[in-house]
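The values are calculated or read from the model by the stated rules, or taken from the named source; none is laboratory data. The shown structure was predicted, so the numbers you read here are calculated from the model rather than taken from an experiment. All Cβ positions, glycine included, derive from the backbone under ideal geometry; neighbour counts span all protein chains shown.
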Number of protein chains: 2
Amino acid sequence: MKLPLGFQAGAVRAGIKPSGNPDLALLHAEAPLAWAYVATTNRAAAPCVLRGRALLASEAPLRALVVNAGNANAATGEAGVAADLRMAELAAERLGVRPDEVLTASTGVIGVPLPVDRIATALPALVLGPDADSFAEAILTTDTRTKLAEATLPGGARVVGVAKGSGMIHPNMATMFGFLFTDARVDQTELRARWPEVVRGTFNQVTVDGDTSTNDMAAIFASGLAGQVSPGLFWDAVAAVARDLARQIAADGEGATKLISVRVVGAASLADARRAARAVAGSLLWKAAVYGNDPNWGRILAALGYSGALLDAGRVRIELEGIPLYDGAPLPFDHEVAVRAMQKAEVRVLADLRQGDYEAEAWGSDLTEGYVRINAEYTT
Amino acid sequence: MKLPLGFQAGAVRAGIKPSGNPDLALLHAEAPLAWAYVATTNRAAAPCVLRGRALLASEAPLRALVVNAGNANAATGEAGVAADLRMAELAAERLGVRPDEVLTASTGVIGVPLPVDRIATALPALVLGPDADSFAEAILTTDTRTKLAEATLPGGARVVGVAKGSGMIHPNMATMFGFLFTDARVDQTELRARWPEVVRGTFNQVTVDGDTSTNDMAAIFASGLAGQVSPGLFWDAVAAVARDLARQIAADGEGATKLISVRVVGAASLADARRAARAVAGSLLWKAAVYGNDPNWGRILAALGYSGALLDAGRVRIELEGIPLYDGAPLPFDHEVAVRAMQKAEVRVLADLRQGDYEAEAWGSDLTEGYVRINAEYTT
């Protein structure tokens, strides 16, 4: 997938991932980038997140993004802070920009020193080009596929997004990375005013395992080279790309065989709609039921009930793949038909709380023996 | 295990559990019982919980407790409310007490009408006696063993507890029941003032899968027949019995092979200590690591970090089975020794947040392929 105007990217093998796959990704902009950034709420946030927040506070534009996968450089003490800064300096040197113009991101194992020397050795061999694909591949960890999405605005400006997900995915800000690049001209103030709300409705509505990573981040970068765009159309495009990536992350959750999509309508507030949808998407019991093709709607109702959203079980309505299962009381339904309806790559739940006019979506993955195996046998 | 003075209990097969095991339990007190009660925060709470709360609000004493297992009578609409009341009436008739002196509790499948006629048929055959064992057995669902605990105070007053934990018969939540019975003379006002705090530190610190049931309840009943006791010694005994039951529930979580015990010290507040301990005990990634004997302390630190508790990753200290793994930065440790230390029925984590003087415990179970199978491969 081509990057928008003004961006170049590339990747190389630095030997950080044990697999030997490409693990160091670099993005470079020919001109200063307006940007916005949301990162994990985890109090054990990694040095890259602490540094990213400091860069954000400076209000200065960026010129580059360097990402390594295979090592989160989290819980690595003072040495980790130094390693993160060194990664920025090495990227800056390679590109001829200043270190404080380079955003860093790390994902992978926690608590192991980041081998910055390998980054130093590998960077000179990294070749930049107009495609996002090698970048998207190098940032993956246990993901089974790359995650890319795009939208084109009238006039030709584009929004391109890349993401990684897989495990430790429960953004409040998962380790989840979501990076969006656009050549639309958007003021940094506007980017920062509206990006967090896009993230709340998309990346933050994904849950794989309820574990909020130390390294999550979602950022958007604008080169401005394609000129002005309609703000309405622009933000719709950004939300669509972010939503597409969020769904790809959930569908590729560790061990997942299915995407679970939950849509809650009729909530008393937007926050209620979001927490209710997230609770269902994240319920272990519902996730296991989806894996087993069990139309066990009691687990959906229970999750709605403990979500914290205002509701009355006597008024809630639940549909699974368009089949009404509960409407204030259990509805009769054909069990075999419902089981068959669940045998697909995406299983959709619709819940109407009948409390108000707000709605939201959330996405999760089914819980499988594969998830347990991946996470029980993963060795540091 | 003998019940305290003034209590009798018994159980019978009513045909609610598909297994045909005893599934209807009855407790009777010869004199009015002071009592206290804490129930689920789930907004889709079952009729038994709604009724229990109403009885609690009346401040009146109780004379009996009737429990069925195999059917939660939750999400059953108005018919469910009537069935719950009918269960109380049937028990009252059997015992010669009033229906509003009978607390009800149901656990099992959600969304299926409770077959009250079977309860009516079975109750006459139920024999009451001085032992808690048949009661403790009949309230189980997918639990693999009965859960009983006791403490004796100087002077002979006793506290006896029975509990059930994660169960699943058709859909199900990890519905938890904790019932404590004592013959100590304790004022109902005092019982109600202090019982919720005991529950917060014990039953509420257990997590199996993060799914809060529609039917959870923890109650204590005092007959007073053994006379006055020292309040300090009494509450210590109650907390010890509740803690013992909480640990039994966690150890017998669905598919569990190990108990995970987490102790957090040095927290800035009691609430922080509890949420930090719960986050580690409930982390899917840590639960899977425990199953796999992987001393992956980064997952512990990440869970502490997202728990909401105040902390600084640069000051946290983590020990696993007494082995220091992290102290503001990774510590060198013998990986093979740590792996071997994890190969036991209880795996203990100690985390010092170094923020204050508060501490708490929490308990969970490891995440296994068995959990997934139990909850995905149920067959109707």
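Can you go through A:Leu27, A:Leu50 and tell me which one is assigned to a helix (DSSP H, G or I) and either assigned by TED's automatic domain parsing to the domain that holds A:Ala136 or under 19 Å from the mean Cα position of the chain (by Cα) (or both)? Criteria check complete, one pass: A:Leu50. The residues of region A:305-347 that are at the interface with chain B (Cβ under 9 Å from one of its Cβ atoms), crowded, with 19+ Cβ neighbours inside 10 Å and either more than 17 Å from B:Val109 (Cα to Cα) or in contact with a Cys (Cβ under 6 Å, 6 or more places away or on another chain) (or both), listed by number, are A:Tyr306, A:Ser307, A:Ala309, A:Leu311, A:Val316. Among the conditions (1) part of a loop (DSSP other than H, G, I, E, B); (2) out of contact with any Phe, Trp or Tyr (no Cβ under 7 Å at 6 or more places or on another chain), the only one that A:Leu148 does not satisfy is (1). What do you reckon, is A:Ala91 on the phi < 0 side of the Ramachandran plot and surrounded by 24 or more Cβ atoms within 10 Å (Cβ to Cβ)? Against the criterion (on the phi < 0 side of the Ramachandran plot and surrounded by 24 or more Cβ atoms within 10 Å (Cβ to Cβ)), A:Ala91 qualifies. Out of the residues in region B:100-155 that are under 15 Å from B:Met1 (Cα atoms) and of a type in the set (D, E, K, R), which is farthest from the chain's Cα centre (by Cα)? That would be B:Asp131.
Which of the following residues is modelled with pLDDT under 90 and in the same structural domain as A:Phe203 (by TED's automatic domain parsing): A:Val38, A:Val12?
Of A:Val38, A:Val12, the one residue that is modelled with pLDDT under 90 and in the same structural domain as A:Phe203 (by TED's automatic domain parsing) is A:Val38.
For region A:116-138, a tally of residues being surrounded by 17 or more Cβ atoms within 10 Å (Cβ to Cβ) and under 21 Å from B:Ala329 (Cβ atoms) returns 3.
Of everything listed in (1) over 18 Å from B:Phe221 (Cβ atoms); (2) touching a strand residue (DSSP E or B) at 6+ places or on another chain (Cβ under 9 Å); (3) more than 9 Å from chain A (Cβ to nearest Cβ); (4) surrounded by fewer than 24 Cβ atoms within 10 Å (Cβ to Cβ), the single unmet condition for B:Gly77 is (3).
Output the number of residues of region B:354-369 satisfying the condition of being assigned to a loop (DSSP other than H, G, I, E, B) and either away from chain A (no Cβ under 14 Å) or at pLDDT below 95 (or both). Step through it out loud before you land on a result.
Just the residues of region B:354-369 that are assigned to a loop (DSSP other than H, G, I, E, B), to begin with: B:354-357, B:366-368.
Restricting the remaining residues to those that are either away from chain A (no Cβ under 14 Å) or at pLDDT below 95 (or both) gives B:356-357, B:366-368.
Of the residues in region B:354-369, 5 are assigned to a loop (DSSP other than H, G, I, E, B) and either away from chain A (no Cβ under 14 Å) or at pLDDT below 95 (or both).
Going through (1) closer than 19 Å to B:Ile260 by Cα; (2) at pLDDT below 90; (3) out of contact with any Lys or Arg (no Cβ under 6 Å at 6 or more places or on another chain) one by one, B:Thr141 falls short only on (1). Looking across region A:197-248, just one residue is within 15 Å of A:Val38 (Cα to Cα), assigned to a loop (DSSP other than H, G, I, E, B) and of a type in the set (Asp, Glu), and that is A:Asp216. What do you reckon, is A:Glu336 in the same structural domain as A:Glu361 (by TED's automatic domain parsing) and at positive phi? So A:Glu336 does not fit the description; no. Inside region A:171-215, residues that are buried (at least 24 other Cβ atoms within 10 Å of the Cβ) and modelled with pLDDT under 70 make up a count of 8. Criterion applied to B:Gly282, B:Gly308, B:Gly292, B:Gly322 was being more than 23 Å from the chain's Cα centre (by Cα) and closer than 25 Å to B:Gly370 by Cβ, and the one residue passing it is B:Gly292.
Residues are listed down the side, and each one gets a yes or a no for (1) more than 12 Å from chain A (Cβ to nearest Cβ); (2) under 16 Å from B:Ile323 (Cα atoms); (3) at pLDDT below 90:
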residue: B:Arg263; (1), (2), (3): yes, yes, no
residue: B:Ala267; (1), (2), (3): yes, no, no
residue: B:Ala271; (1), (2), (3): yes, no, no
residue: B:Ala277; (1), (2), (3): yes, no, no
residue: B:Ala281; (1), (2), (3): yes, no, no
residue: B:Lys287; (1), (2), (3): no, no, no
residue: B:Val290; (1), (2), (3): no, yes, no
residue: B:Pro295; (1), (2), (3): no, yes, no
